[in-house]
Every structure is written in C-alpha cells, then in structure tokens.
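Engineer: The structure under discussion is supplied below as structure tokens; questions concerning it will follow.
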Amino acid sequence: MVFPIAQPMGETISIYAIKNNCNTMVDAEVGHRTISVAHVGKIAIQRGKKLIWNPHSEQFTGDEPANKLLHIPYRKPWDRIINQ
C-alpha cells in the first residue's frame, strides 16, 4: 500500500505509516541521502572550507575535525537508550 496523498503532511506521515503498516511517501534511504546534503553543507560552513564527501563511507576525506562533527551526543534519556 502506498501512503495516501490526502493525509496531513509532516510527522503525521510516519505515524500513519507505522499504524497502518504502509510505506511513507519518501523511502527512508531517499530521506537519509537528502538530509545528508544539508548536514554536509552545514559542516562545510562551520569548518569554513571546501570538503570532500565520500557518500559510500559517509565520511569526509582528509578532514578528521569535520568527521567529528557528523555525530553529536544524544540528550538524556536518549543517550542511554540508543547506545545500549
């Protein structure tokens, strides 16, 4: 089943899909790759320079400080739950 267009947009889409065991409008991989572009751009701005991004390893080439910015610590209580 494909998610019906008539449903509300936003977070509700994911909740609807979970409750009704159906797909969302955008595949998880597409969503991940789409937001990755924004994260890579933000990190490049923070570092103040051009960066080389490897989409296969999901790491910057030759810039360890930039790679450290890819993951931020989770807030409590999620830090304990996610890192189990």
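The values are calculated or read from the model by the stated rules, or taken from the named source; none is laboratory data. This one's a predicted model, so the numbers in the text were calculated from it and none came from an experiment. Don't worry about glycine lacking a Cβ; one is built from the backbone with ideal geometry, like all the others, and counts go over all protein chains shown.
Residue-wise test of (1) in contact with a helix residue (DSSP H, G or I) (Cβ under 9 Å, 6 or more places away or on another chain); (2) modelled with pLDDT of 95 or more; (3) among the hydroxyl-bearing types (Ser, Thr, Tyr).
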position	(1), (2), (3)
GLN7	yes, no, no
GLU11	no, no, no
ILE18	no, no, no
ASP27	no, no, no
ARG47	yes, yes, no
PRO73	yes, no, no
LYS76	no, no, no
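Engineer: Out of the stretch 46-84, which residues are surrounded by 10 or more Cβ atoms within 10 Å (Cβ to Cβ), outside any loop (DSSP other than H, G, I, E, B) and not small (Gly, Ala, Ser)? Reasoning before the result, please.
Structural biologist: Restricting attention to the stretch 46-84, the residues satisfying the condition of being surrounded by 10 or more Cβ atoms within 10 Å (Cβ to Cβ) are 46-47, 51-53, 55, 58-61, 63, 65-70, 74, 78-79.
Now narrow it down to the ones that are outside any loop (DSSP other than H, G, I, E, B): 46-47, 53, 59-60, 65-68, 78-79.
Scanning the stretch 46-84 gives GLN46, ARG47, TRP53, GLN59, PHE60, PRO65, ASN67, LYS68, TRP78, ASP79.
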